[in-house]
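Asker: My structure is below; once you've seen it, I'll send some questions.
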Amino acid sequence: MPMASEQEREGEAPGLRVGSGAWRWPPVWPYSDTDFIPKEDIIEPKAAPVTGILAGNLPKPDEIEEEKKETLDVLKYWGEEKAGIKTEIDPDAVKKLKEHYAFYLRDGMSVLELGAAEDSYLPDGLKLSRHVGVGADKSLMGQNSALTESFVVNLNDVIEEQGVNSDELRALGADTFDAILMANTIDFLTSPREVFRSAWALLKPGGIMIVPFTNKEAYSSKFERAQTKMWRDMNDDQHMWICGSFFQFSASDGWEKLKGFDISPEGAKKEEGIMSALSAKKGMNMYVVQATKASVDEVVDPNDPEKSFRSKMWLLPTLEERDKQLLAPRLARVYKTMSDEKLTEAILKNVENLPKIYESLIKMDQFAFTFGMQAQLATDLITDPSFNGKDEQILALKMGLGLRKPSTEFWEPIGQKTASMSPEDKVNLLAHIVPRFGSNDPSQEAALNEFVAGLDPTFGVIRSKCPNMTESDVQLIGTEILAAEILQPGRSTKKEYATWLCSLTEHELTEMVAKRKSYKEKAVSDMKAMQEERKAEAARIEEQRQKMIAQQKKAREERSMVFNPETGRME
């Protein structure tokens, strides 16, 4: 059943099957490591010898000999073993692909083709200004007269979470091409996110990436050894969703107008499973998933700061999509409260430090440290102009989180003296302290030491003035006023701080606690309201989609002719 509205089909090539609003994604990368490995290269865990188990002698894991396999050498496979062997796509499918390209490619465009071979399937008469071919078989690219230049690259050689590890590809320059084509290549990619990240970087803003692919059996007799397990196990409908997910999980909203097409020739075989095996071959199916590159906001849009911060995080490594969704509204909320231009510039610059923070935070997933708390700590850190992601600050963060042995002179006593504070309040305290490290300022180093030394005296004064205050509240308000007055050099001397603290009344201290808690309650309330608004908007979109599907179904049941998106005709 097509999932695209009539409005979405307007201005698009025939065969639109999945519109931009129909895709649904999980919050994190949903695949296992073995999904993108050829089946022949997957190493199954070797079981312990049965005789040893029966005898009660269980070997240690490092005593079990690991099976070694000779994995596929990509360049040798394509450049030597399969050198000169052509893909040979069905002529009717080629015709459909050329028609699809003709709808989006224009004379004068600069085009990069990933996975280039002997034929680019370009429309007849198209005159590109530049057509760069990147493939694994030099001899086949040499037969392709459409290419103006070409070079060999192993697209499966990548730098994790960054892109394809190729100096030649990087030398092409960022924001260079009007279009990127990658036909019949996706089924061989072992690191698809990195390939799509490189493509995003190479495209001009507004440029289009078009990814055509055929049914999985189209050339399996020739190249099955290089096809990934995922491609061989999944069906064509799943392949379309999977291809769409590569766009989503490579640059998120950095890809716009994500659409899926079924441009199979009329009469091409549609059955799956046993029916596919029993039916006669009717031609090759052809599918396309494509999207355009969005522009990163160079400055924050005051009317929609959340969108701007999301754009800054599109290509950040380490962070999952879930983390970005939690961070963007928090950063936007902080931005709206700031009037100092220098502070807002510091936030924008510090976004690039988020991966450093999350390299530590992801290790807290196994503890009672929620994703929301992680996002709040990261937000608090990068919105502090003193935070710059230096090694000293990251080490302090790890010690504060308990990921490194805490220093006996600082983090150990802080942990002991703030044991009654809630996890959320400890996160807030951590955000106050970590940016103070690594300053190379003697006065700041002294302030850190004075903070530790001042905990017990501060708590003692508060307890004496507020005998009915809970210990968690004593520690909460004590650490906050100590951090505000002592952690920042020049704010108060020790004597000034002590005099001020002793002058506070019980009423003033309890008011401080109440005010502090009200901030937290308002933040939680605002976040809940925002989540409810998003939920309502998602429900509205889903309702519209279901209505559209119902209307299409009714049209098929009651009318003699309806629009067939697969053929682009009324039938």
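Asker: Restricting to region 7-23, name every residue that is surrounded by 13 or more Cβ atoms within 10 Å (Cβ to Cβ) and more than 16 Å from E256 (Cβ to Cβ).
Answerer: Matches in region 7-23: R9, A13, P14, G15, R17.
Asker: Could I ask something else about it? Would you pick out the residues in region 336-388 that are aromatic (F, W, Y), under 29 Å from N440 (Cβ atoms) and assigned to a helix (DSSP H, G or I)?
Answerer: The answer is Y358, and nothing else.
Asker: Also, quick follow-up: What pairs can you find where one residue is in region 389-406 and basic (K, R), the other is surrounded by 16 or more Cβ atoms within 10 Å (Cβ to Cβ) and outside any loop (DSSP other than H, G, I, E, B), and their Cβ atoms are less than 7 Å apart, with a gap of 6+ or different chains?
Answerer: Note: pairs meeting the criteria are K398/S360; R404/L395; R404/K398.
Asker: Just to be sure, is T408 within 24 Å of E480 (Cβ to Cβ) and either open to solvent by 20 Å² or more (accessible area, probe 1.4 Å) or modelled with pLDDT of 95 or more (or both)?
Answerer: The answer is no for T408.
Asker: Given the structure, is V164 in contact with a His (Cβ under 7 Å, 6 or more places away or on another chain) and open to solvent by less than 30 Å² (accessible area, probe 1.4 Å)?
Answerer: Spelling it out, it is not the case that V164 is in contact with a His (Cβ under 7 Å, 6 or more places away or on another chain) and open to solvent by less than 30 Å² (accessible area, probe 1.4 Å).
Asker: If I go through region 411-447 residue by residue, how many of them are free of Cβ contacts under 8 Å to residues at least 40 places away in the same chain, surrounded by fewer than 18 Cβ atoms within 10 Å (Cβ to Cβ) and either of a type in the set (V, I, T) or assigned to a helix (DSSP H, G or I) (or both)?
Answerer: Count: 5.
Rundown of residues vs (1) touching a strand residue (DSSP E or B) at 6+ places or on another chain (Cβ under 7 Å); (2) at pLDDT 85 or above; (3) open to solvent by 40 Å² or more (accessible area, probe 1.4 Å); (4) among the aliphatic types (A, V, I, L, M), yes/no style:
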{"position": "I37", "(1), (2), (3), (4)": "yes, yes, yes, yes"}
{"position": "P49", "(1), (2), (3), (4)": "no, no, yes, no"}
{"position": "N57", "(1), (2), (3), (4)": "no, no, yes, no"}
{"position": "D62", "(1), (2), (3), (4)": "no, no, yes, no"}
{"position": "Y77", "(1), (2), (3), (4)": "no, yes, no, no"}
{"position": "E81", "(1), (2), (3), (4)": "no, yes, yes, no"}
{"position": "I85", "(1), (2), (3), (4)": "no, yes, yes, yes"}
{"position": "E99", "(1), (2), (3), (4)": "no, yes, yes, no"}
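Asker: Residue by residue through region 453-480, note down the ones that are among the hydrophobic types (A, V, I, L, M, F, W, C), buried (at least 18 other Cβ atoms within 10 Å of the Cβ) and part of a helix (DSSP H, G or I).
Answerer: Hits for region 453-480 are L455, F459, I462, V474, L476, I477.
Asker: Give region 1-35 a look and list any residue that's at pLDDT 85 or above and hydroxyl-bearing (S, T, Y), or say none.
Answerer: Passing the criteria: S20, Y31, S32, T34.
Asker: Could I ask something else about it? Condition (residue is more than 17 Å from P385 (Cβ to Cβ), touching a residue at least 12 places away in the same chain (Cβ under 8 Å), among the small types (G, A, S) and open to solvent by 30 Å² or more (accessible area, probe 1.4 Å)) applied to region 301-322: is it met by at least one residue?
Answerer: No, region 301-322 has no match at all.
Asker: In addition: Can you pull out the residues in region 176-202 that are surrounded by fewer than 24 Cβ atoms within 10 Å (Cβ to Cβ) and within 21 Å of D107 (Cβ to Cβ)?
Answerer: If the condition is that a residue be surrounded by fewer than 24 Cβ atoms within 10 Å (Cβ to Cβ) and within 21 Å of D107 (Cβ to Cβ), then T176, D178, A179 are the ones that fit.
Asker: So for region 507-518 (the condition being hydroxyl-bearing (S, T, Y), at pLDDT 90 or above and outside any helix (DSSP H, G or I)), does at least one residue qualify?
Answerer: Checked against the condition, which is being hydroxyl-bearing (S, T, Y), at pLDDT 90 or above and outside any helix (DSSP H, G or I), region 507-518 yields no hits at all.
Asker: Mind listing whichever residues of region 213-255 are of a type in the set (F, W, Y), buried (at least 20 other Cβ atoms within 10 Å of the Cβ), touching a residue at least 60 places away in the same chain (Cβ under 8 Å) and not in a helix (DSSP H, G or I)?
Answerer: Correct list: F213 only.
The values are calculated or read from the model by the stated rules, or taken from the named source; none is laboratory data. These numbers were taken from a predicted model, which means no experiment stands behind them. Cβ sites come from the backbone with ideal geometry, for glycine too, and all protein chains shown count toward neighbours. Only protein heavy atoms, including side chains, enter the accessible area calculation; ligands, DNA and RNA are left aside. Shrake-Rupley method; radii C 1.70, N 1.55, O 1.52, S 1.80 Å.
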